[in-house]
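**Student:** My questions all concern the structure below.
The values are calculated or read from the model by the stated rules, or taken from the named source; none is laboratory data. Nothing here was measured: the structure is a model prediction, and the numbers come from that model. Cβ: placed from backbone, ideal geometry, glycine included. Neighbour counts: every protein chain shown.
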Amino acid sequence: MSDLNALLEPGMRVTHPDRPDWGVGQVQSNIDGRITVNFPEAGKVVIDGSRVALVPYYA
């Protein structure tokens, strides 16, 4: 889906394009396209990077 997902590293902040209610999450790991993100309103979520293009968050 998005080559940007391959650039996500632990510590980076992201949002989920379809779930803005989850808030701004922090990437925990990115292994073989499986991205684990800790969201303040959803907890720890494992995302399939081939199906969802996470959006980097810059504040």
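**Student:** Conditions: (1) in a strand (DSSP E or B); (2) touching a residue at least 12 places away in the same chain (Cβ under 8 Å). Residue 5 meets all but one. Number of the miss?
**Tutor:** It fails just one condition, (1).
**Student:** Follow-up question, since we're still on this one. I'm trying to understand the selection: among the residues of segment 8-36, which are part of a strand (DSSP E or B) and either in contact with a Gly (Cβ under 8 Å, 6 or more places away or on another chain) or closer than 17 Å to residue 59 by Cα (or both)?
**Tutor:** Within segment 8-36, 13, 14, 15, 25, 26, 27, 30, 34, 35 meet the criteria.
**Student:** Among the residues of segment 37-52, count how many are surrounded by fewer than 16 Cβ atoms within 10 Å (Cβ to Cβ) and assigned to a loop (DSSP other than H, G, I, E, B).
**Tutor:** 5
**Student:** List the pairs whose first member sits in segment 10-39 and is modelled with pLDDT under 95, whose second member is not hydroxyl-bearing (Ser, Thr, Tyr), and whose Cβ atoms are under 6 Å apart, counting only residues at least 6 apart or on separate chains?
**Tutor:** 33/49
**Student:** Test each condition in (1) in contact with a helix residue (DSSP H, G or I) (Cβ under 9 Å, 6 or more places away or on another chain); (2) modelled with pLDDT under 95 for residue 3 and report the one that comes out false.
**Tutor:** Of the numbered conditions (1) in contact with a helix residue (DSSP H, G or I) (Cβ under 9 Å, 6 or more places away or on another chain); (2) modelled with pLDDT under 95, the odd one out for residue 3 is (1).
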